[in-house]
1. Let me know the charge dipole size of segment A:90-329 about its Cα centre in debye, to the nearest 20, where only the beta-carbon of Lys, Arg (+1) and Asp, Glu (-1) is charged.
2. Rg and Dmax in Å for segment A:235-282, alpha carbons only: what are they?
3. Over chain B, what relative contact order in percent results from Cα pairs under 8 Å that are six or more residues apart?
4. Which of the peptides A:100-113, A:161-174, B:159-172 is most tightly packed, and how do the rest follow, judged by the mean count of other Cβ atoms within 10 Å per residue?
5. Got a sec? Charge dipole of chain A, +1 on Cβ for Lys and Arg, -1 for Asp and Glu; which of A:TYR282, A:LEU237, A:ALA98 is way out at the positive end?
6. Note down the nm distance, to one decimal, between modelled labels 7 Å out along Cα→Cβ at A:ILE116 and at B:ASP64.
7. What residues qualify as long-range amide H neighbours of A:PHE69, i.e. H under 5 Å apart, gap of 5 or more or another chain, H built at 1.01 Å from N?
8. State the answer as a single residue: which of A:ALA220, A:PHE304, A:TYR86 lies farthest towards the positive end of the charge dipole of the protein assembly as shown, with beta carbon charges of +1 for Lys and Arg and -1 for Asp and Glu, about the Cα centre.
Amino acid sequence: MTSTNPTLSPAGGADAPPAGLRPNRHSSLRAAQTRRKWYEIIGLTLPAVIVYVMFVLVPMGFAVYYSLFRWRGIGPPTDYVGFDNYVLAFQDPIFLDALRNNAIIVVGSLVVQGPIALAVALLLNRRFRGRAVFRLLVFVPYVLAEVTAGIMWKLLLTDNGTVDALLRSLGLGSLVRAWLADLDVVIWTMLFVLTWKYVGFAIILLLAGLSNVPQELTEAAAIDGASWWQTQRHVMLPLLGPTIRIWMFLSMIGSLQAFEVIWVTSVPAVRSLGASATMATYMVDNGFFARLWGYGNAVAVILFVISFVAALLFQRFLLRRDIEGAVTGRVN
Amino acid sequence: MAADPYPSVTRRPVAWSTPLTYALALAVAAVSIAPVVYVIIGGFRTTPQIIADPAGLPDPWVWDNYVRVLTQSDFWKQALNSAVIALGTTVGVVVLGVCAAFVLARYTFRGREGLYTFFTLGLLFPSGAAILPLYLMLRDLTLINSYYAVILPQIAFSLPLTIVILRPFLSAIPRELEDAAAIDGAGRLGFLWRILLPLSRPALVTVGVLAFVASWNAFLLPLLVLGDVDLHTLPLGVQNFSSQYTSDTAGILAFTSLAMLPALLFFTFAEKQIVGGLQGAVKG
């Protein structure tokens, strides 16, 4: 409203209308303003809404529809099979392997990356010369493309490759495995590569959280005679709570969708046996490459529902306080 | 026991633990970049050298692999495709995101919070899960094998985070500025263009950088929708090169190094923005 006042006042001041006409003109101007406001609101938000609805929401709706058909992707789907595709998925041992692998990645990422990231973040938050350079180096794996990182590790981990040679030269030759081919080992290799790739992200987030801790608090703790460890344990850690929970949330969603690193690093044959498959690789293998579109879409819906439920549960029980601002929007 | 009057308390732990700090920091940094350094150096060796001694240094150093990749492969074409798609995505995300976040931050109207929640819901929609129906839709729209097939979905999936980051930033700018602009005869849009945008440049750079890096590194979507080899982006190129020339280990190492160089350079310049953006996201 305020913005249109200036255009109003000269008009009102110059030829002041008779008192009787005033409310009428005023209200029509007001209506024009309101109309203009709505034009602006709609004009500015519509492009974003259209793109968002069309490419984020609509496809998920179609996935549900396609998942009810046996369909090779040619012409419209006609062979309605109800929930058969879902039943088939849960009867396929490879898909169950994929589910188990996703569970390993979700839990493994949290349990391994969390403590490492916390330790490194607390370390890099201390003042020492060259800290900026160390920070930069630690983030390098995170900015590399998943594909680049995957191919790099694939080369390093090949039989008698660099990792094996390094282990042998350290006298740890007995640890050498067929990292990418041994069906019992490969998922742990994947977890290792994922940890290397994503622990930097956890560190960035935690450092961001640490930098929000007012310096007065650590100074106050120091004046009270707290050691560095006590300060970290009793001041920093509790204040990092929200950041840690947001990281856990993002890590969990990312782990449920794990695709690129596994797709590139692990051998297709191993993947097709289920040893390194995840829900997402299983979905692309079956839906896109084997052209089982109905079935692939059913897997997409399962993946989506699992992620969605996990996200909602996590929000409900752990994240509520932290993102209340973002979702309910306290905007003045 | 009286309180220690000397502020040296804060210094003491640093004094004894500095070497330890350095040792740990060095170890962590080494683990992070050793594989990357290995790949870059490996590109200077020959494949027989690598097979004979996987963990050795180049002897002699050869430039041939890098020269070969830069002159004979599709490296430049793919880098150009990646750049066009990443720039298109970034511009789209920033323009659409700013417009929507501006309305959500500075207009009062019925349904505003509903609209905001509607956008934040997108944070819960994993792009990976939507990839198959997305492909089918793009195919029906005959957008497959075009830059748009990658750009439009990437914009759509980046919008929620962009709006979540931008909205608090845009609404934090004091109302008095808007009133002052109004007195000077600027409408709301003039205020957005002349005052709000210049003031929120840091936030714009942050969302732009996040969108650019995500797009530059993207693999799954281009893999499905860019069947045409002439449109392939760098991540697809790296993957193709490594599966096409499996025996040319040195060549793969060189190609991989060159492909990650832009991201590394870009990150070195934009690190502060990325960290700053995540910081904003953490604050909520």
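Nothing in this text is a laboratory measurement; each read-out follows from the coordinates by a stated rule. On a predicted model such as this, the values are computed, not experimentally measured, just so you know. Glycine also receives a Cβ, built like all others from the backbone with ideal geometry; neighbour counts cover every protein chain displayed.
1. Numbers: 17 positive and 14 negative charges, 90 e Å.
The calculation lands at about 440 debye.
2. Considering segment A:235-282 through its Cα atoms, Rg and Dmax are 15.7, 50 Å.
3. Values: 244 pairs, mean separation 86.4, N = 284.
Across chain B, relative contact order equals 30 percent.
4. Details: A:100-113: 18.0, A:161-174: 14.6, B:159-172: 22.1.
Per-residue mean Cβ counts within 10 Å order the peptides as B:159-172, A:100-113, A:161-174.
5. About the Cα centre, the residue reaching furthest to the positive side is A:LEU237.
6. That separation, rounded to one decimal, is 3.7 nm.
7. A:VAL81
8. Highest projection toward the positive end goes to A:ALA220.
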